[in-house]
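A.B. asks: One structure follows; several queries about it will come next.
Since every read-out is calculated from the coordinates, none of them should be taken as a lab result. Please read these numbers as outputs of a predicted model, since none were measured by experiment. Neighbour counts are summed over all protein chains in view; Cβ atoms, including those assigned to glycine, are modelled from backbone coordinates with ideal geometry.
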Amino acid sequence: MISYDQLFIGGIWRSPAGNDTIDVVSASSEQLIGSVPEATGADVDLAVEVARAAFLDPEGWPAWSPQRRADVLDRFADELEKRSEQTIYTIAQENGMPISIARALEKDSPALLVRYYAGLVRSQAREDIRPGVWVASTSVRTYPIGVVAAIVPWNVPQTLTFTKLAPALAAGCTIVIKPSPETALDSFFIAEAALAAGIPEGVISILPGGRELGAYLVSHPGIDKVAFTGSTEGGRAVAQACARLLRPVSLELGGKSAAVILDDLDLDIEKIGQQLFAATLANNGQVCFLGTRVLAPRHRYNEVIEAMSAIMSSAPVGDPLDETTLIGPLASSRQQERVSGYINRGINDGARVIVGGKGRPLGLDRGWYVKPTLFADLDNNAAVAREEIFGPVLCVIPYDGDDDAVRIANDSEFGLGGSVWSGDSGRALSVADRILSGTVGINGYAPDPYAPFGGIKASGIGREMGIEGLASYQRQKSIYSF
Ligand code: NAD
């Protein structure tokens, strides 16, 4: 059992203002695995107050030299690494992420992102002197944007915290993080690492709670920027609040990306099965960028269905703590109901079930499991092909020629990820060029920390990771000299 009775507010463990707790249950056993205090509005008020005070302190975190901040961030990365095994084991229980996948998605990226952004600010010039047209010269100076509110979902909780926390800290911001209740436990290890690294008072607060708490934080008068990752519906509500307040906001939202199999692909699953699995089914289908619409050339339709079916049905479904498991339970009963509803919907709409279907996987009577399900014989207008399901459910959709594949890939309200699979990298690149989304993979898919990640259309606004991710926590001021 992991149990905390205090909240991390402004870098100090403090008694919570309220008495409620968040009980976290294992996604696979449904047993209680830990509890933490649930934060309230009063905790947010205090966290924002101390974050503002730290931000405005003339000798505080933002006023430190980038080198001094970066040194502390390197220590923070070391402390995160010390806790990384404990962190991924906790996540696997909280949200059902198979441990081998947690090792790939969640173990190294927090420390890596912290060191990366520490390195960037060490070498970034704070001032750019530009010759003027009407003035003698302009000093363009870069500053931290201010007090940040970061709202994080439960699906990849550590990495999605650090795509915000690492650049915000490196830039010199102070930050209030609201993790999801489903994955509240692992966020407390971040607090312990921050304390051990000597991140000063006021700089980081971690306040777990639900939507209402998130909405309260987003609209708080003391916040200068909001970074949100979550559903498109939640993102719209956050965007509306930020529009009213004219508050900068970045939104990483839902997706329904296409995995486009070109007709020259050697569909040898010995060679590319692992990459195809990662690009379409990783983390039990609970990743925003997955290519859940598999587009297949019509004359190779059956072959693609067979390959996807082999990949899906050979993936062991079971206990997320078992090293051999590739598909675990969903994160919550709510998710299980939602995904089961979509599986029923696909069947009722006349799709052919190739793998899976209704009900629980055999022998798994507890936990939020669904059967990994592969649908065929449906077109891109089916609800299961248009709406984000967020579970291990794929559709194979036929197309006629590359132009048609691009048309179908782009016929979506979303624009987050996607992948193109081909034996000819030039041809794959030209198809990737035409896909309307923020990111595309060729013969695989994995967001890279050094490159900007984000969506277009209903998948969001703004970019995380890369130098672009740092820029969203900075502002510029031009000082004209005559
Ligand atoms: P969600 O929108 O229900 O919740 C996400 C977070 O936002 C939670 O912390 C929640 O408490 C908070 N929240 C929800 N409504 C809010 C509001 N009105 N104001 C403030 N905070 C609010 O999403 P979820 O079900 O937890 O996560 C799954 C969704 O996240 C999927 O749609 C997925 O595609 C998306 N996602 C996107 C990315 C990306 O980078 N684009 C990454 C991961 C997940």
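A.B. asks: Output the peptides 438-446, 136-144 sorted from most to least packed, where packing is the average of other Cβ atoms within 10 Å over each peptide's residues.
C.D. replies: Listed from highest to lowest mean packing, they are 438-446, 136-144.
A.B. asks: With everything on Cα atoms, drop me the angle between helix 184-197 and the longest principal axis of the chain, reported from 0 to 90° to the nearest 10.
C.D. replies: Value to nearest ten degrees: 40.
A.B. asks: Something else: Gain in length, residue 136 to residue 381, computed as 0.36 nm per residue apart minus the alpha-carbon separation, to one decimal in nm? The partial results should precede the final answer.
C.D. replies: Values: separation 245, 0.36 × 245 = 88.20 nm, distance 5.95 nm.
The span from residue 136 to residue 381 would gain 82.2 nm if fully extended.
A.B. asks: Further, regarding this structure: Nearest 5 percent is fine: what portion of the DSSP beta bridges confined to the range 258-442 is antiparallel? All intermediate terms of the calculation are to be shown ahead of the outcome.
C.D. replies: On the way: 3 of 20 bridges.
Around 15 percent antiparallel, to the nearest 5.
A.B. asks: To the nearest Å, what is the center-to-center distance of the range 273-306 and the range 328-383, using C-alpha atoms only?
C.D. replies: 15
A.B. asks: Same structure again: Between residue 362 and residue 306, what FRET efficiency comes out of the Förster formula 1/(1 + (r/R0)^6) with R0 = 22 Å and r the beta carbon distance, rounded to 0.05?
C.D. replies: Given R0 = 22 Å and the Cβ-Cβ separation, E is 0.50.
A.B. asks: Oh, and also: Could you work out the pair-distance distribution P(r) of the chain from its alpha-carbon pairs, with 10 angstrom bin width and percents rounded to whole numbers?
C.D. replies: Over the chain, the share of Cα pairs per 10 Å bin runs 4, 20, 29, 25, 15, 6, 1, 0 percent.
A.B. asks: Which percentage, to the nearest 5, of the DSSP beta bridges contained in the range 58-187 is antiparallel?
C.D. replies: Values: 5 of 10 bridges.
The antiparallel fraction comes to roughly 50 percent.
A.B. asks: With the contact rule set at Cα under 8 Å and sequence spacing of 6 or more, what percent relative contact order holds for the chain?
C.D. replies: RCO, the chain: 18 percent.
A.B. asks: For the range 268-325, state the semi-axes of the equivalent ellipsoid (square roots of 5 times the eigenvalues of the alpha-carbon gyration tensor), sorted largest first and rounded to whole angstrom.
C.D. replies: Taking √(5λ) for each eigenvalue gives 22, 14, 9 Å, largest first.
A.B. asks: Let me ask something additional. Sum up the charges of everything whose Cβ sits under 15 Å from the Cβ of residue 447, counting Lys and Arg as +1 and Asp and Glu as -1, but leave residue 447 out.
C.D. replies: My count for the surroundings of residue 447 gives -4.
A.B. asks: So if I place +1 on the C-beta of Lys and Arg and -1 on the C-beta of Asp and Glu, and nothing else carries charge, what would the dipole magnitude of the range 92-137 be about its Cα centre? I want it in debye, nearest 20.
C.D. replies: 160
A.B. asks: Can you grab the distance from the C-alpha centre of the range 168-206 to the C-alpha centre of the range 405-482, Å, no decimals?
C.D. replies: So the separation of the two Cα centres works out to 28 Å.
A.B. asks: Right, here's the next one. Looking only at the chain, where both bridge partners belong to it, what percent of the DSSP beta bridges are antiparallel (to the nearest 5)? The partial results should precede the final answer.
C.D. replies: Values: 30 of 65 bridges.
Close to 45 percent.
A.B. asks: Where does each of 427, 52, 334 land when they are ranked from fewest to most other beta-carbon atoms within 10 angstrom?
C.D. replies: The order, fewest Cβ neighbours first, is 334, 427, 52.
A.B. asks: At what distance in nm do the modelled label points of residue 338 and residue 243 sit from each other, each positioned 7 Å from its Cα along Cα→Cβ?
C.D. replies: Here the answer is 2.3 nm between the modelled labels.
A.B. asks: In degrees from 0 to 90, rounded to the nearest 10, what is the angle of the helix 333-348 Cα long axis to the longest principal axis of the chain?
C.D. replies: 30
A.B. asks: Order of 345-352, 250-257 by packing, highest average Cβ count within 10 Å first?
C.D. replies: 250-257, 345-352
A.B. asks: Further question on the same structure: If one computes the Cα centroid of the range 1-41 and of the range 55-100, what distance in Å separates the two points?
C.D. replies: 19
A.B. asks: Summing +1 for each Lys or Arg and -1 for each Asp or Glu, what net charge is found among the other residues whose Cβ lies under 12 Å from the Cβ of residue 94? Walk me through the intermediate numbers first.
C.D. replies: Working: positive: none; negative: 23, 106, 182, 186.
That sum, taken over residues with Cβ under 12 Å, equals -4.
A.B. asks: Rank by packing, highest mean first: peptides 5-12, 267-274, with packing defined as the count of other Cβ atoms within 10 Å averaged across residues.
C.D. replies: Values: 5-12: 20.1, 267-274: 13.6.
Most protected by this proxy first, the peptides run 5-12, 267-274.
A.B. asks: Still on this model: Provide the gained length on full extension for the span residue 236 to residue 63, in nm with one decimal, where the gain is 0.36 nm per separating residue minus the Cα-Cα distance.
C.D. replies: Roughly 58.9 nm would be gained on extension.
A.B. asks: Right, next: Work out how much length residue 430 to residue 212 would gain on full extension: take 0.36 nm times their residue separation and subtract the Cα-Cα distance, in nm to one decimal.
C.D. replies: Residue separation times 0.36 nm, minus the Cα-Cα distance, leaves 74.0 nm.
A.B. asks: Now a separate question. Between 429, 284, 295, whose Cα lies farthest towards the positive end of the dipole of the range 258-442 when Lys and Arg beta carbons carry +1 and Asp and Glu beta carbons carry -1, centred on the Cα centre?
C.D. replies: The one lying farthest along the dipole's positive direction is 284.
A.B. asks: For the range 258-442, what relative contact order do you get, as a whole percent, if you take Cα pairs closer than 8 Å and at least 6 residues apart?
C.D. replies: Relative contact order for the range 258-442 comes out at 28 percent.
A.B. asks: Here's another thing I want to ask about it. Between residue 122 and residue 411, what is the label-point separation in nm under the 7 Å Cα-to-beta-carbon projection?
C.D. replies: A separation of 5.1 nm, rounded to one decimal place.
A.B. asks: Can you tell me the 0 to 90 degree angle between the C-alpha axis of helix 66-82 and the longest principal axis of the chain, rounded to 10?
C.D. replies: It is inclined by approximately 50 degrees.
A.B. asks: Over 20 Å between C-alpha atoms is what I'm after, so list which of 82/107; 82/178; 371/457 land there. Each step should come with its number before you reach the end.
C.D. replies: Values: 82/107 11 Å; 82/178 23 Å; 371/457 31 Å.
As for pairs spanning more than 20 Å Cα to Cα, those are 82/178; 371/457.
A.B. asks: What fraction, in whole percent, of alpha-carbon pairs in the range 258-442 exceed 26 Å separation?
C.D. replies: 25
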